[in-house]
Amino acid sequence: MKYLIFISFVIALFDAAKAASTEQSTKYIAECRAEFKITDDVKHYNLTTGAIPEADATEDMKCYLNCFMEKLGVLKDGKIQEDAQEFKNYVGEEHAKEEIESCRGETGSSKCETAFKLHQCFLKHLDYLVLQVFSLSE
């Protein structure tokens, strides 16, 4: 949960108008956590930060990520969506385009596995975004 707050803070630095989107994404997270019974905060934190390797991620964990990405409009039936407006609002339009373009090839044998692989790819780009923010503040 702390990681999500940190992500929200970083995103807010780029555009204060995204606050409503962050509120919406928090709602999506809660809905998907309930649907896929991701109740352990430590496991949720580890999942969202990429600390859980694919071999250790349960199907429910992967499907939780799919649920969230579908609500953001990034995925639909396991297929990446080019015009994911909620996602663009969440991470910024240019960053969303970069992530979608860079991670387009991430696919799995199911929509949930695809979501997990896509999430892992997105995290690589988030690390880059966070590093950019901190280098700008120096």
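Of the residues making up the range 45-74, those that are at pLDDT 85 or above, under 12 Å from the mean Cα position of the chain (by Cα) and not in a helix (DSSP H, G or I) are G73, V74. Looking at this structure, is E94 in a helix (DSSP H, G or I) and either touching a residue at least 24 places away in the same chain (Cβ under 8 Å) or under 19 Å from Q24 (Cβ atoms) (or both)? No.
None of E86, E94, E82, E106 is in contact with a helix residue (DSSP H, G or I) (Cβ under 6 Å, 6 or more places away or on another chain), modelled with pLDDT under 85 and surrounded by fewer than 22 Cβ atoms within 10 Å (Cβ to Cβ) except E86. A Cβ distance below 6 Å, combined with a sequence gap of six or more or placement on separate chains, defines the contacts here; from the range 108-128, residues that are part of a loop (DSSP other than H, G, I, E, B) reach residues that are of a type in the set (S, T, Y) and at pLDDT 85 or above in the pairs G108/T114.
Screening V74 with (1) touching a Phe, Trp or Tyr at 6+ places or on another chain (Cβ under 9 Å); (2) surrounded by fewer than 17 Cβ atoms within 10 Å (Cβ to Cβ); (3) within 21 Å of K27 (Cβ to Cβ) gives one miss only, at (2).
The values are calculated or read from the model by the stated rules, or taken from the named source; none is laboratory data. Please read all numbers here as calculations on a predicted model, not as lab measurements. Ideal geometry is used to build each Cβ from the backbone, glycine not excepted, and the neighbour counts take in all protein chains shown.
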